[in-house]
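The values are calculated or read from the model by the stated rules, or taken from the named source; none is laboratory data. Since we're looking at a predicted model, the values are computed, not measured. Here the Cβ is made from the backbone with ideal geometry for all residues, glycine too, and neighbour counts use every protein chain on show. Each accessible area value is taken on the protein alone, full model and side chains, heavy atoms only, with ligands, DNA and RNA left out. Shrake-Rupley method; radii C 1.70, N 1.55, O 1.52, S 1.80 Å.
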Amino acid sequence: MNVTGAPAAKTVEILDMGAADPAWRFTAETRFPRVMCDAVLLPDGTVFLAGGSSGGGALSGATPVLETELYDPATERWTVLTPIHTPRLYHVSAVLTPDGRVMIAGKDGPLNPFPYHYAEHRVEMFSPPYLFRGPRPVIADAPAEVRYGENFVVRSPDAAAVATAVLMRPDSSTHSVHMDQRLVGLEITGRDGDGLTVQAPPNANVAPEGYYMLFLLSRAGVPSVARFVRVR
Ligand SMILES: [Cu+2]
């Protein structure tokens, strides 16, 4: 089956690379079948799903899915969220932005079937539910660069309310493929007033060198606005 003939699907598979003998397994199906959709990893570990067509293939999908969905890996369940406003079919991109929202952009012109054969220049910014669950932690200061394995201090007036700290690799996406999308959980090893001591990733296997978005999250899972941190 070639790419253009691949049908829209509801199936979702997971590969746990932490398992002794990793093997693909099915998890809960999405509510809507899709092809050419985007799955965006969020800093709370959930996965936001948007766009695509519920019928046809990559170059022939003409039934845009406007509803969005959110996957919770803890419960292995999908929840249907607010619809987007614009059809997003072939040649769309969606990425997490440093403010915790998801930017959904683009759509090809001539490579999409009638009546969707127009280039889409509008950009949508989607606010996931975690932005409506309470106050956002603020990062007052964080190092521009950290070394593997070292402890570093993040200043936050909300330090006492921070539950987790994560690094998110900046995403780039096309054709439903998200290059090097990853969430690296960080251990909080100390707290002192407005300071959090956080341990950098142990090595490049866990976090390849480069720039990451550092997010702090409250107990309700509300993310801060990210700070860019270079890991090396
Ligand atoms: Cu293409």
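Observations on the structure shown:
So that you can scan it fast, the table gives a plain yes or no per residue for (1) open to solvent by 40 Å² or more (accessible area, probe 1.4 Å); (2) assigned to a loop (DSSP other than H, G, I, E, B); (3) within 16 Å of the ligand (Cβ to nearest atom):
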position: Gly45; (1), (2), (3): no, yes, no
position: Thr75; (1), (2), (3): yes, yes, no
position: Ile84; (1), (2), (3): no, yes, no
position: Ala94; (1), (2), (3): no, no, yes
position: Met103; (1), (2), (3): yes, no, no
position: Ala119; (1), (2), (3): yes, yes, yes
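- Here the condition is being within 25 Å of Leu81 (Cβ to Cβ), more than 16 Å from the ligand (Cβ to nearest atom) and in contact with an Asp or Glu (Cβ under 8 Å, 6 or more places away or on another chain); of Leu183, Leu216, Leu131, it holds for Leu216 alone.
- Test result for Ser156, open to solvent by less than 20 Å² (accessible area, probe 1.4 Å) and within 16 Å of the ligand (Cβ to nearest atom): no
- Scan of segment 159-175 for residues that are open to solvent by 50 Å² or more (accessible area, probe 1.4 Å) and more than 21 Å from Val231 (Cβ to Cβ), ordered by number: Ala160, Thr174, His175
- Candidate set from segment 166-180 (those that are more than 16 Å from the ligand (Cβ to nearest atom) and modelled with pLDDT of 95 or more); member that is nearest to Val146 (Cα to Cα): Leu167
- Screening the candidates Pro110, Pro202, Pro143 for the property of being free of Cβ contacts under 8 Å to residues at least 40 places away in the same chain and surrounded by fewer than 17 Cβ atoms within 10 Å (Cβ to Cβ) yields one hit, Pro110.
- Any hit, segment 20-32, residues being outside any strand (DSSP E or B), within 16 Å of the ligand (Cβ to nearest atom) and not assigned by TED's automatic domain parsing to the domain that holds Pro223: no
- Failed item, numbered, when Ala9 is tested on (1) free of Cβ contacts under 8 Å to residues at least 60 places away in the same chain; (2) within 29 Å of Ala220 (Cα to Cα): (2)
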